[in-house]
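Worksheet: one structure, shown below.
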């Protein structure tokens, strides 16, 4: 076998091994982020995917940014910050990740610590903006959700999303015009406001997408988290 042929075969074998390695780890193009909303966590937490720390020192009521993740069945662990033992895990479960997808995972408490995934839809609208809301405030019952222009008030209005249950999201991203928007959560069937983003969301321009997560008002949390989808 001449030298050039040996070199070509070696290159092909190397390429094949790289392809197999990539395939075994799942396809690329997926992203995941987390929101810490479990009131039973004792302090800040670390998040591990497949035994590797991917987020550290996450406070209650905080959200992470997106990070790349391989599709397929991924091992998810949530444990006290700094702990190296799986025996301290608050959550130890499997996260099923779809290919070429974005996912928000809410860490919350529902008779036990749970990790609830929500599929994000981050295709840019051709005009205006999109906003979605998630109810992750375990101390509250069902909520009505209003998306209004800032300082408009909800008197006389009907919620775009009535009776949203705990650990669920609005059934769609609401299309809205460019501008400054306020997300108001009330007890279902009433206009008793329990969460309100007020003027904290900056003015949004065409193509922007946001997710607002209602959480319990603990440890200085204002009771909501605003996530930047796009």
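List of remarks:
- Qualifying residue in segment 19-28 (condition: at pLDDT 95 or above and either touching a strand residue (DSSP E or B) at 6+ places or on another chain (Cβ under 6 Å) or surrounded by fewer than 19 Cβ atoms within 10 Å (Cβ to Cβ) (or both)): no
- In segment 182-200, the residue that is farthest from residue 123 (Cα to Cα) out of those that are touching a residue at least 40 places away in the same chain (Cβ under 8 Å) and within 20 Å of the chain's Cα centre (by Cα) is 195.
- Residue 156 meets the conditions (1) loosely packed, with under 15 Cβ neighbours inside 10 Å; (2) assigned to a loop (DSSP other than H, G, I, E, B); (3) at negative phi in every case but one. The failed one is (3).
- Criterion (closer than 25 Å to residue 105 by Cβ, buried (at least 19 other Cβ atoms within 10 Å of the Cβ) and under 17 Å from the mean Cα position of the chain (by Cα)) met by exactly one of 122, 216: 216
- Residue match in segment 91-111 (condition: at pLDDT 95 or above, farther than 22 Å from residue 47 by Cα and crowded, with 18+ Cβ neighbours inside 10 Å): no
The values are calculated or read from the model by the stated rules, or taken from the named source; none is laboratory data. Keep in mind that what you see is a predicted model, and the values were worked out from it rather than measured. Heads up, the Cβs are rebuilt from the backbone with ideal geometry, glycines too, and the neighbour counts pull from every protein chain shown.
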